[in-house]
Amino acid sequence: MNLVLTGSTSGIGWETLLALLPQFDRVYLPVRNLGKAEKLIQHLPEKEKIVLIYLDLSQMTSVKRGAEEICRQLDEIHVLINNAGGMYPAGKKSSEGLDLSLCSNHLGQFLLFQELLPALLKGQAKVIQVSSEAHRIASPPEKDFSLRKSSSTVTSYAKVKLYNILFTNEIKNKYESEGLSAYSLHPGAVRTAFGSEASPWAKGIISFTKLFFISPKEGAATTIFLASTPKANLKNGGYYKNKKLSSTSTLARDSKLGKALWEFSLAEIQRIMANRSTNKQ
């Protein structure tokens, strides 16, 4: 079986890799820092299973190139775990002019899914999104999916974590009949470097509340559970917490909102790729 795991070089992503490596034949790790990843994996048992691919989720052109490289090397994926993400100051932009929180937490994952879709369908894959209970405080985003009007680190983060769940629901709705299953989860409040690029105000809150946080190993438990448990024992489209099915906010269950987010995401990807083509001419 083949696994693709983002955000694998620290925190719960690293613990997820350690737990799942023995269960898969090949493990593809899209990473932004190849040097760091190479050092981390060099002493792992079964490291020969691991394939490192350069991919920066904040840059759509990088996502496309990285996904193309993955697809050149395999035509069947059985599990895709979108673990990477972060909290960034509101208004901070990527090199392509996108809100950094939007592209790192949602749009890059959305494009990665689209590019890997043929291999995911062939593998009848599970797609696992690491979301958060923060989605519950998100305000209705339909007039500002792009987060251009957002002025708060925390509200931007809440919205993209809502997007993770809406995206999961849409994968289930669109591709369940073709064999795909999708799940989202809350990992818990985990003691990692998360939030290191957040605003000073948000950093202060995170620093204080870390006193009550769980370890990365505990935080990875639900992801590992979803990756390892047979589909028949899981609810397609389900949101999981502490390895158990849980409920989401009303907004996260809004199918019209999910469809609108999907259409927005497609349009943004098309716009970025069109600009790239124009700039090359």
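What follows draws every value from the coordinates through simple rules; no lab data is involved. Everything numeric in this text was worked out from a predicted model, so none of it was measured. Glycine gets a Cβ as well: all are built from the backbone with ideal geometry, and neighbour counts include every protein chain shown.
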- Item | Percentage relative contact order, the chain, counting C-alpha pairs under 8 Å, at least six apart | 19
- Which cross-chain or sequence-distant (5 or more) residues have an amide H under 5 Å from the amide H of I53, H modelled 1.01 Å from N in plane? L29, V31
- Query: K93's amide H: which non-local residues (gap 5+, or another chain) put their own amide H closer than 5 Å, with H modeled 1.01 Å from N in plane and none for Pro or chain starts?
  - Reply: L100
- Query: Nearest 0.05, what FRET efficiency do K93 and N242 give at R0 = 35 Å with Cβ-Cβ as r?
  - Reply: 0.45
- Run the quick spin-label model on N173 and A232: label points 7 Å from Cα toward the beta carbon, then report their separation in nm to one decimal. 2.9
- If you bin the C-alpha pair distances of the chain every 10 Å from 0, what whole percents do you get? 7, 31, 39, 20, 3, 0
- Antiparallel DSSP beta bridges within region 2-280, as percent of all bridges there, nearest 5: 15
- Query: So how do 261-269, 141-149, 215-223 stack up, highest first, on mean other-Cβ count within 10 Å?
  - Reply: 215-223, 261-269, 141-149
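How do D56, D25, D254 line up, fewest other C-beta atoms within 10 Å first?
Values: D56 21, D25 11, D254 17.
Starting with the residue having the fewest Cβ neighbours, the order is D25, D254, D56.
When the dipole is taken about the Cα centre of the chain, and only Lys, Arg (+1) and Asp, Glu (-1) are charged at their Cβ, what size is it in debye, to the nearest 20?
560
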- Residue by residue through region 136-148, which ³J(HN,Hα) values in whole Hz follow from phi under the Karplus form 6.51 cos²θ - 1.76 cosθ + 1.60 (θ = phi - 60°), with glycine and proline marked x? 5, 9, 6, 8, x, x, 4, 8, 8, 4, 6, 6, 5
- Would you kindly state how much longer the chain becomes between S146 and C71 on full extension, computed as 0.36 nm times their sequence separation minus their alpha carbon distance, in nm to one decimal? 24.1 nm
- Message: Just to be sure I understand the model, the point goes 7 Å from the Cα along the line to the Cβ. What's the resulting R136 to S215 distance in nm?
- Response: 2.6
- Message: At a 10 angstrom cut-off on C-beta neighbours, averaged per residue, how do the peptides 173-182, 228-237 rank from highest to lowest?
- Response: 173-182, 228-237
- Task: Given the options R65, R26, R271, state which has the largest fluctuation in a GNM of the chain using a 10 Å cut-off (strictly under) for Cα springs.
- Result: R271
- Query: In the Gaussian network model of the chain, springs joining C-alpha atoms below 10 Å, which of K93, K244, K39 carries the largest mean-square fluctuation?
  - Reply: K39
- Task: Please build a GNM for the chain, connecting alpha carbons under 10 Å apart, and tell me which residue among Q42, Q129, Q59 fluctuates the most.
- Result: Q42
- For region 12-139, what ratio Rg/Rh do Cα atoms give with a Kirkwood hydrodynamic radius? 0.97
- Message: Can you list residues from other chains, or at least 5 along the same chain, whose modelled amide H is less than 5 Å from the amide H of L44?
- Response: none
- Go ahead and estimate [θ] at 222 nm for the chain from helices alone: -39,500 (n - 2.57) per DSSP H run with n ≥ 4, summed, over the residue count, rounded to 500. -13500 deg cm²/dmol
